[in-house]
């Protein structure tokens, strides 16, 4: 197997106190060194004279990527080529330029979607996939259903990672196909497809949904009244946001942060997570129940429904603060693994299992898409009355103790 590693020769320090960076290339138990135009000083090295300057390492990684691209088409696993012949190919302008680097494309996609919520999960998934493949250069042609099945085995025992990371890799691969292929003009640069591959799914509801009693205990908690730099502490903020989410049909932190339309009775917003993927822009109209009217007014914003954007620079910062506060609440009440999404999952679970609201209505309350109704929805004007009536039934059951 051909390997590359940036290194220096300890005994070849130049008169100007620098060392030339070389790329050590090993193949078939033989080693050669490829010089570069990069130089390092002592401050760029560890005590054992290993390169630690990240900029230098990044440049070396880019150079190694180019070398790998050039030799990829040589099929060294089966072709008997001596190391010097391989180096001639790497130094020449020849090489495999038709292959698409999946990792390189992914990083460019990250840059174009820097505001995407959950981008951190995409980066973690890509790092995990590179660890699985054993390298930082992965070609799109290598990503097949068989590869993904092997990746599943690699993540065995990590059910959350298996569900999350694999779905992200599949998403990135499909984005690459969409970008490089033009079927109308018969331009197919990525021939393989994952259309028949089904990523594993995880039943997150069992972990996130709380009981009726747990929700009531959370709502009954008094405020601590603690102020941090003159502002409400995270624990009290988390308590209020949890209440808002549960009572507003599972409204998540991104929409609490972004919503702009409130007429004093109804909050209208397009769900941030899915608005760009749906023809109806994931529109939601939520009637504010009288029991939380005061809470909604407490956080009234000047330009948006809530003032969270005035305190936090991004919705990710808001979400992080809420979850930190919820950990404190969880310790107080003895509730393990309480998360902000627990409000949304609990709302749906209790609505179906305890209040006996039908699953179709709860699906609408969550603003999910039912594929079987996709065409029908094109013909029908949306009526938000049924889901708001269902939500009021849920809140009356929870907090008026009128169990019907």
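The values are calculated or read from the model by the stated rules, or taken from the named source; none is laboratory data. Just so you know, these numbers come straight off a predicted model, no measurement behind them. With ideal geometry, Cβ positions are generated from the backbone for all residues, glycine too; neighbour counts draw on all protein chains shown.
Does residue 16 fit the bill of being modelled with pLDDT of 90 or more and either at positive phi or part of a loop (DSSP other than H, G, I, E, B) (or both)? Working first, answer last.
On the way: modelled with pLDDT of 90 or more: no; either at positive phi or part of a loop (DSSP other than H, G, I, E, B) (or both): yes.
Against the criterion (modelled with pLDDT of 90 or more and either at positive phi or part of a loop (DSSP other than H, G, I, E, B) (or both)), residue 16 does not qualify.
Might you let me know whether the stretch 108-117 holds any residue that is within 17 Å of residue 194 (Cβ to Cβ), touching a residue at least 60 places away in the same chain (Cβ under 8 Å) and assigned to a helix (DSSP H, G or I)? Let's see the steps before the verdict.
At the first step, the residues of the stretch 108-117 found to be within 17 Å of residue 194 (Cβ to Cβ) are 109.
In the following step, the residues that additionally are touching a residue at least 60 places away in the same chain (Cβ under 8 Å) were identified as 109.
Among the residues that remain, those that are also assigned to a helix (DSSP H, G or I) are: 109.
Yes, the stretch 108-117 contains at least one residue that is within 17 Å of residue 194 (Cβ to Cβ), touching a residue at least 60 places away in the same chain (Cβ under 8 Å) and assigned to a helix (DSSP H, G or I).
Which residues, taken from the stretch 151-169, are modelled with pLDDT of 90 or more and either in contact with a strand residue (DSSP E or B) (Cβ under 7 Å, 6 or more places away or on another chain) or in a loop (DSSP other than H, G, I, E, B) (or both)?
Within the stretch 151-169, just 155 meets the criteria.
Condition first: exposed (fewer than 14 other Cβ atoms within 10 Å of the Cβ), under 30 Å from residue 255 (Cα atoms) and without any contact (Cβ under 8 Å) to a residue 60 or more places away in the chain. Can you find one or more residues in the stretch 140-157 that meet it?
Looking for residues that are exposed (fewer than 14 other Cβ atoms within 10 Å of the Cβ), under 30 Å from residue 255 (Cα atoms) and without any contact (Cβ under 8 Å) to a residue 60 or more places away in the chain, one finds none in the stretch 140-157, hence no.
Considering only residues of the stretch 14-52 that are farther than 25 Å from residue 91 by Cα and touching a strand residue (DSSP E or B) at 6+ places or on another chain (Cβ under 7 Å), which is surrounded by the fewest Cβ atoms within 10 Å (Cβ to Cβ)?
That would be 52.
Helices (runs of 4 or more DSSP H) wholly in the stretch 244-343 with at least 1 residues that are outside the structural domain of residue 115 (by TED's automatic domain parsing) and within 23 Å of the chain's Cα centre (by Cα) - which ones?
Numbers: elements: 253-258, 290-298, 308-311, 315-333.
Where helices (runs of 4 or more DSSP H) fall fully within the stretch 244-343 and carry at least 1 residues being outside the structural domain of residue 115 (by TED's automatic domain parsing) and within 23 Å of the chain's Cα centre (by Cα), they are 253-258, 308-311, 315-333.
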